[in-house]
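Remarks on the structure that follows.
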Amino acid sequence: MRPHRSKSIRLDRIWPPNETTELLSQIGGRPNLPPDWVWPTIDFEDGTTASLDFLAQINLEELPDIEARGALPKSGMLYFFALSQSNEPLESYGSDAWRVLYYPDNPADLSSRPAPEDAGWKIDHLDYGQTDASSYRNPDGPRGELFPRCTVRFTVIDVWDLPRFSGRDDPRLRPFEDAICGEPADLASQLALRMSSGISGKI
């Protein structure tokens, strides 16, 4: 399995979310945005607009060093936003329904910013308003902040890529091809398999 093993980074949340830490990477809560940045929005076909919702921020200096680490800058902050106030798939709204932003400078001195009034997390009747995390909401804070700030730390882990086989007749699968591949899902393939195996009966 070693040829298929590689290193990856896992996000581990620090729970409960009210634990004090100096880490800047987090999910939920308020983002530490630059003061001159405009909160990302989406324009709908009917002419209305809505603010996207803050999902997470990653302080790139906190990421551990692995082989794939070079795909991202060494410093700065990544911010993740998405539309939440619709039950329709995000793809139906196009790429403006989500945003990944990059701030290249030191984020340590950036202040947190509350979400605009039209952000979707402020709709209590949606399903995520009933999550366990909502019990950690600040009772004195805005009702719309359903997801509290939850700091994350990063852990290097081993992951394995699934090997690719040409099909159930691949010699590397023998003698476990039936257990690994199972029976084909479509009817035509099942019939072909049963005929080649001399199996008869109902499918």
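Candidates in region 73-100 are the residues that are touching a helix residue (DSSP H, G or I) at 6+ places or on another chain (Cβ under 6 Å) and surrounded by fewer than 17 Cβ atoms within 10 Å (Cβ to Cβ); of these, the one that is nearest to LEU52 (Cα to Cα) is GLN85.
Give me the strands (runs of 3 or more DSSP E) completely within region 1-115, filtered to those with at least 2 residues that are more than 29 Å from TRP160 (Cα to Cα), ordered by residue number.
Qualifying strands (runs of 3 or more DSSP E): 41-43, 49-51, 53-59, 77-82, 98-103.
Flag not set for ASP46, criterion: surrounded by fewer than 16 Cβ atoms within 10 Å (Cβ to Cβ) and closer than 22 Å to ASP109 by Cα. Pairing residues of region 51-71 that are within 29 Å of LEU83 (Cβ to Cβ) with residues that are assigned to a loop (DSSP other than H, G, I, E, B) and acidic (Asp, Glu), at Cβ distances under 6 Å and at least 6 apart in sequence or on separate chains, gives SER51/ASP118. Would you confirm whether any residue within region 70-85 is farther than 28 Å from ASP109 by Cα and over 16 Å from the mean Cα position of the chain (by Cα)? The answer is yes; a qualifying residue exists. Scan region 72-116 for residues that are under 21 Å from GLU22 (Cβ atoms) and among the hydroxyl-bearing types (Ser, Thr, Tyr) and the total you get is 5.
Residues checked against (1) at pLDDT 80 or above; (2) surrounded by 13 or more Cβ atoms within 10 Å (Cβ to Cβ); (3) closer than 30 Å to ILE27 by Cβ:
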{"position": "LEU146", "(1), (2), (3)": "no, yes, yes"}
{"position": "THR151", "(1), (2), (3)": "yes, yes, yes"}
{"position": "PHE154", "(1), (2), (3)": "yes, yes, yes"}
{"position": "ILE157", "(1), (2), (3)": "yes, no, yes"}
{"position": "TRP160", "(1), (2), (3)": "no, no, yes"}
{"position": "SER166", "(1), (2), (3)": "no, no, no"}
{"position": "PRO171", "(1), (2), (3)": "yes, no, no"}
{"position": "PHE176", "(1), (2), (3)": "no, no, no"}
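The values are calculated or read from the model by the stated rules, or taken from the named source; none is laboratory data. Quantities reported herein were computed from a predicted structural model and do not represent experimental measurements. Every residue, glycine as well, gets a Cβ built from its backbone with ideal geometry; the counts of neighbours run over all protein chains shown.
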